[in-house]
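Colleague: Handing you a structure now.
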Amino acid sequence: MNESKTNINWYPGHMAKAKRQMQDDMKIIDVVVELVDARIPASSKNPDIDSLASGKSRVILLNKADMADPDVTAMWKSEYEKKGFVVAAVDARKSNGLKIVNDCILAACKEKIERDRKRGILNRPLRAMIVGIPNVGKSTFINSFAGKAVAKTGNKPGVTKGRQWIRLNKQVELLDTPGILWPKFESREIGLRIAWIGSINDQILVTTDNAEQLLVYIANTYPGMISAYYGIEEETGDSAVPGAELLLRIANKRGCLRKGGEPDLERAANMVTDDFRSVRIGRISLERPVKE
Ligand code: G4P
């Protein structure tokens, strides 16, 4: 991948506006529920959230866990728990999400609930906000809650005009608009992983080069998965073949050919990317916690 392409300055105007909005929203909430993509739990986090949400209770949801390698997701869960977050692996499209999130919010706000109780403050609902980078599943989550919620509540004194709350139960209210964070393209690897999962514009970033690197990653991390799915030879270890060769073999095997019979590598690259994103190749995690 071209280095300059990974350093995209993401819509600076939108970014600044979203950040200001989030700073405002932070004033009226108790707990931040941060959605990350379970396949890239570190690369889909924006480090700014730590300062934006300072002083707030924190929950991390490893969303799209159905697409990730369950063993690696378990490693991430304990990694973030070690850092003091309340964490759950979820699939935002599933109906059990509401209970999971509710339990996480109550666990994250345990001390606050206790403090309120001692001060005689009872029945004051906890207010939560969902945040995350684009495409991580925020709207899916909020929509499934809005469908099941006990009631929608309107504006309240001290609440930013236009803000709506979804009342999950007596204890928890959720802001119905998510906070949008932008991914940080801090390294070439982060840019590449974000491109692989497709949360940024493909016109910029789907290339044969990216698909080749994805194939190499999968071949190294999940040996045998590519050969099992595409029915091609996939040597590993010292005799591992380069990504370009893997892509070529896939193009030939799947009949991705141009008119004259030449392999059509662009078509094969799009197919591989699509197969990965649709979890047809298998449940694949793209990063693991760094061993200390
Ligand atoms: P956002 O608000 O954070 O930008 O993300 P959004 O909810 O729009 O979700 C982005 C895509 O991810 C949607 O797919 C959505 O269905 C899918 N998605 C969200 N959560 C999960 C999950 O836990 N597991 C899986 N497998 N997919 C999830 P889409 O193809 O863009 O839209 P649609 O065709 O599903 O409506």
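The values are calculated or read from the model by the stated rules, or taken from the named source; none is laboratory data. None of the values given here were measured: they were computed from a predicted structure. Neighbour counts run over all protein chains shown; Cβ positions are idealised from the backbone, glycine included. Surface accessibility is based on the protein's heavy atoms, side chains included, excluding ligands, DNA and RNA. Shrake-Rupley method; radii C 1.70, N 1.55, O 1.52, S 1.80 Å.
Colleague: If you roll a 1.4 Å probe over the chain with all protein chains in place, what percent of the accessible area is carbon or sulfur?
Modeller: 50
Colleague: Please list Ser95, Ser199, Ser78 from largest to smallest accessible area, probe radius 1.4 Å, with all protein chains kept in place.
Modeller: Solvent-accessible surface, decreasing: Ser95, Ser78, Ser199.
Colleague: Select from Leu106, Asn135, Ala211 the residue farthest towards the positive end of the dipole of the chain; place +1 on Cβ of Lys and Arg, -1 on Cβ of Asp and Glu, and compute about the Cα centre.
Modeller: Leu106
Colleague: Report the calculated FRET efficiency for Asp264 and Met75 (r = Cβ-Cβ distance, R0 = 51 Å), to the nearest 0.05.
Modeller: 0.85
Colleague: Related question: From the gyration tensor of the Cα coordinates in region 206-277, what semi-axes in whole Å does the equivalent ellipsoid have, largest first, with each one equal to sqrt(5λ)?
Modeller: They are 19, 13, 11 Å, listed largest first.
Colleague: Given H placed 1.01 Å from N in the peptide plane, which residues other than close sequence neighbours of Leu126 have an amide H under 5 Å from its amide H?
Modeller: For Leu126, the qualifying residues are Val172, Glu173.
Colleague: Test of understanding: what is the full-extension gain from Lys94 to Arg288, defined as 0.36 nm times their sequence separation minus their Cα-Cα distance?
Modeller: Full extension of this stretch gives 67.4 nm more.
Colleague: Only Lys, Arg, Asp and Glu count, each charged at its Cβ (+1, +1, -1, -1), so figure out the dipole size of region 3-176 about its Cα centre, rounded to 20 debye. Write out the running numbers ahead of the final one.
Modeller: Details: 32 positive and 20 negative charges, 179 e Å.
Magnitude of the dipole: close to 860 debye.
Colleague: Another question, then. Give me the net charge of Glu234's neighbourhood, meaning all other residues with Cβ under 12 Å from the Cβ of Glu234; Lys, Arg count +1, Asp, Glu -1.
Modeller: -1
Colleague: Still on this structure, I have one more. Whose amide H sits under 5 Å from the amide H of Ile284, counting only residues 5 or more places off or on another chain, with H placed in the peptide plane?
Modeller: Residues meeting the amide H criterion: Asp69.
Colleague: Still on this structure, I have one more. As an exercise, use a Förster radius of 35 Å and the Cβ-Cβ distance of Arg280 and Ile121 to find the FRET efficiency, rounded to the nearest 0.05.
Modeller: For Arg280 and Ile121, the calculated efficiency is 0.10.
Colleague: Computed over the Cα atoms of the chain, what is the convex hull's projected area averaged over all directions, in nm²?
Modeller: Averaging across all directions leaves 17.9 nm² for the Cα convex hull.
Colleague: Let me spell out the model: positive unit charges on the Cβ of Lys and Arg, negative unit charges on the Cβ of Asp and Glu, origin at the Cα centre of the chain. What dipole size does that give, in debye rounded to 20?
Modeller: On the way: 46 positive and 37 negative charges, 427 e Å.
Result for the chain is approximately 2060 debye, rounded to the nearest 20.
Colleague: Follow-up. What's the local net charge at Arg258, with K and R +1, D and E -1, over the other residues with C-beta under 12 Å away?
Modeller: Around Arg258, the charge tally is -1.
Colleague: When the solvent-accessible surface of protein heavy atoms is calculated with a 1.4 angstrom probe, in what order do Glu287, Glu266 fall, highest first?
Modeller: The residues order as Glu266, Glu287, largest area first.
Colleague: Mind ranking 270-281, 112-123, 220-231, 33-44 by how tightly packed they are, going by the mean number of other C-beta atoms within 10 angstrom, highest first?
Modeller: 33-44, 270-281, 220-231, 112-123
Colleague: Can you check what the net charge comes to around Ser43, using other residues whose Cβ is under 10 Å from the Cβ of Ser43 (Lys, Arg +1; Asp, Glu -1)?
Modeller: Result for the neighbourhood of Ser43: 0.
Colleague: Something else: Which far-off residues, 5 or more places away or on another chain, put their amide H under 5 Å from the one on Gln164, with H placed in the peptide plane?
Modeller: Amide H neighbours of Gln164, under 5 Å, 5+ apart: Asp176, Thr177.
Colleague: Test of understanding: in a Gaussian network model of the chain with alpha carbons linked when under 10 Å, which of Glu111, Glu81, Glu173 would top the mean-square fluctuation ranking?
Modeller: Fluctuation is largest for Glu111.
Colleague: While we're on this one: Which order do Met75, Met67 take by accessible area at a 1.4 Å probe, largest first?
Modeller: Met75, Met67
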